[in-house]
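For reference, the structure discussed in these notes is given below.
A short reminder: the numbers here are calculations on the coordinates, not readings from a lab. Quick caveat: nothing in here was measured; it's all calculated off a predicted structure. Here the Cβ is made from the backbone with ideal geometry for all residues, glycine too, and neighbour counts use every protein chain on show.
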Amino acid sequence: MSLLTVGINHHTAPVEVRERMVFSPEQIHDSLESVRSVKGIEEAALLSTCNRTELICWHNNPAVNDALPEWLSRYQHFDLRELLPHLYRHNDADAIRHTLRVACGLDSMVLGEPQILGQLKKAYQQAQENRSIGRHLNRLFQHSFATAKRIRTETEIGASAVSVAFAAVSLAKQIFGDLNKSTALLIGAGETIELAARHLHSQGIEKMIVANRTVERARSLAEHFNAEAIALPDLGNYLSKADIIISSTASPLPILGKGAVERALKQRKYRPMFMVDIAVPRDIEPEVNQLNDVYLYTVDDLQGVIDENIQSRKAAAEQAEELVQDEVDNFLSWLRSQDHVDTIRSFRNKSELLRDEVAAASKRLLIQGKSPEEAIDYLAHSLTNKLLHDPVTALNLAAREGREDLINAAHVLFDLPRIKKDKPK
């Protein structure tokens, strides 16, 4: 039995590859059903965000190491030869370490960012809903959540507010200076857009407009920041009003094309527009970057801004890595214990059967008129003899055969005192 994680992330693949590998929410159920049809896979979970797509599996077949990348490429209609250079595979202890590092934000584009923990919890919930995880992955996810909590409690990994959204707003401020005379158009209403709205609001942005497929969701977010809410089809009427556009939706196709932005620029009399496309797949056509007076950035472009904001987290990250290793060791200990669960269960079941047998005999003595004292004495004497019979027989045999390993094991199992033997005179 083994753990295996297969995937791509922002370290191994550019945005052009990552956006083709993203699983939409509608794909999750079918994909989890499909991946479990791969021979040997017993449990599976899928984590898919703008910066990573990875499958976490518990399996009993070494061939899964090759079968899972093949399944991933086939399911997402991606040529395997093109995908393999971007793919990572982690087995057992490395897979545990990877999951814990992801949960703690140590593998994120923004070191220590907390958003990934929520995404990991969502992946866990989806796997539970689809009944695709069992004892092992359930324990791994719960352990990763506990590890993330421990690291945020014991280190300063989350002390400074850095995120992709924060980086986008920081870059906007570099371009426009004070934002108190600027208008921001936020496309989407998810967690990243909410973070961007909070950062913009804290910087004193003059006006915000939230556009979303569901107007009610846009309105729910907008009311927290005294912003205006609109539907996506109305974007064309508002685009020219926006100095800053930050987009992060789950749309499989671009929402803003070159033509729409060009028309907006004309209406603005070519006043510059700052655009950040955080979505994967991208919301804004790459050709928009060809237009003058447009500053278009993707999540990959934000890396430089992010790098400036993570220096304070490096020392904390080193401490966190040590804690992660401790928790990897703890999880491996749990896994090793699972190899002998059947032995422990068998020992307990046998002991309980002996207990029930002696208890029944003691009750019969009471029914026959014996005193409670006699029944208790019988129970204590008989239960002790029955429980000790097999171990004592095995120890006698071990002594005759010189099996010091079993004798030593008995001292450990039964917490026996060591008796010093007198040396022969």
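Along its principal axes, the range 139-247 has C-alpha extents of 50, 32, 19 angstrom, given from the largest down. Rounded to the nearest 10 degrees, the angle from helix 191-202 to the longest Cα principal axis of the chain is 60 degrees. Think of the chain as having a plus end and a minus end, set by charges on the Cβ of Lys, Arg, Asp and Glu; of Gln325, His411, Ser34, His411 sits farthest toward the positive end of this dipole. Across the options Val22, Asn138, Ser202, the greatest Cα extent toward the positive end of the charge dipole of the chain (unit charges at beta carbon of Lys, Arg, Asp, Glu) belongs to Asn138.
Placing one equal scatterer on every Cα of the range 4-55 and applying the Debye formula, the log10 ratio I(q)/I(0) at q = 0.22 Å⁻¹ is -0.81.
Averaging the Cα positions of each part gives two centres, and for the range 257-306 and the range 124-196 these lie 23 Å apart.
Axis angle, to the nearest 10 degrees, between helix 314-338 and the longest C-alpha principal axis of the chain: 40 degrees. Taking 7 Å steps out from each Cα toward its Cβ at Asp66 and Ser351 produces label points 4.7 nm apart. Temperature 25 °C, viscosity 0.890 mPa s: under these conditions the Stokes-Einstein estimate for the chain, based on its Kirkwood radius over C-alpha pairs, is 95 µm² per second. DSSP assigns beta bridges within the chain; of those with both partners inside it, close to 45 percent run antiparallel. For the chain, a simple Cβ point-charge model (Lys and Arg +1, Asp and Glu -1, everything else neutral) yields a dipole of about 740 debye relative to the Cα centre. Only the Cβ atoms of Lys and Arg (+1) and of Asp and Glu (-1) were treated as charged; on that basis the dipole of the range 32-95 about its Cα centre amounts to roughly 120 debye. The packing ranking of peptides 93-105, 57-69, highest mean first, is 93-105, 57-69, where packing means the average number of other beta carbon atoms within 10 angstrom of each residue. In terms of packing, defined here as the mean over residues of other Cβ atoms within 10 angstrom, the peptides 133-145, 223-235, 386-398 line up highest first as 133-145, 223-235, 386-398. Along the axis of the charge dipole computed for the chain (Cβ charges of +1 for Lys and Arg, -1 for Asp and Glu, origin at the Cα centre), the listed residues Leu111, Ala63, Leu383 are led at the positive end by Leu383. When peptides 343-354, 266-277 are sorted by average Cβ neighbour count within 10 Å, with the highest value leading, the order is 266-277, 343-354. Pairs Lys173/Lys258; Lys39/Lys149; Lys173/Lys266; Lys121/Lys258: which are spaced more than 28 Å apart, C-alpha to C-alpha? The pairs that break the limit, which is 28 Å between Cα atoms, are Lys39/Lys149; Lys121/Lys258. Relative to its residue count, the range 345-413 spans a Cα convex hull of 95 Å³ per residue.
Look at the alpha carbon pairs under 8 Å that are at least 6 residues apart: their mean separation over the length of the range 1-150 gives a relative contact order of 31 percent.
From helices alone, the chain scores -16500 deg cm²/dmol at 222 nm; the rule is -39500 (n - 2.57) for each run of n ≥ 4 DSSP H residues, then divide by the residue total. Could you work out, for the range 164-308, what percent of all Cα-Cα pairs fall into each 10 Å distance bin, beginning at 0 Å and stopping at the bin that holds the largest distance? Pairs per bin, as whole percents: 12, 48, 37, 3. Take every Cα pair under 8 Å whose residues are at least 6 apart in sequence, average their separation, divide by the length of the chain, and the relative contact order is 13 percent.
Using C-alpha pairs below 8 Å separated by at least 6 residues, the relative contact order for the range 164-308 is 23 percent.
Magnitude of the charge dipole for the range 223-369, about its Cα centre and with charges confined to Cβ atoms of Lys, Arg (+1) and Asp, Glu (-1), is about 620 debye.
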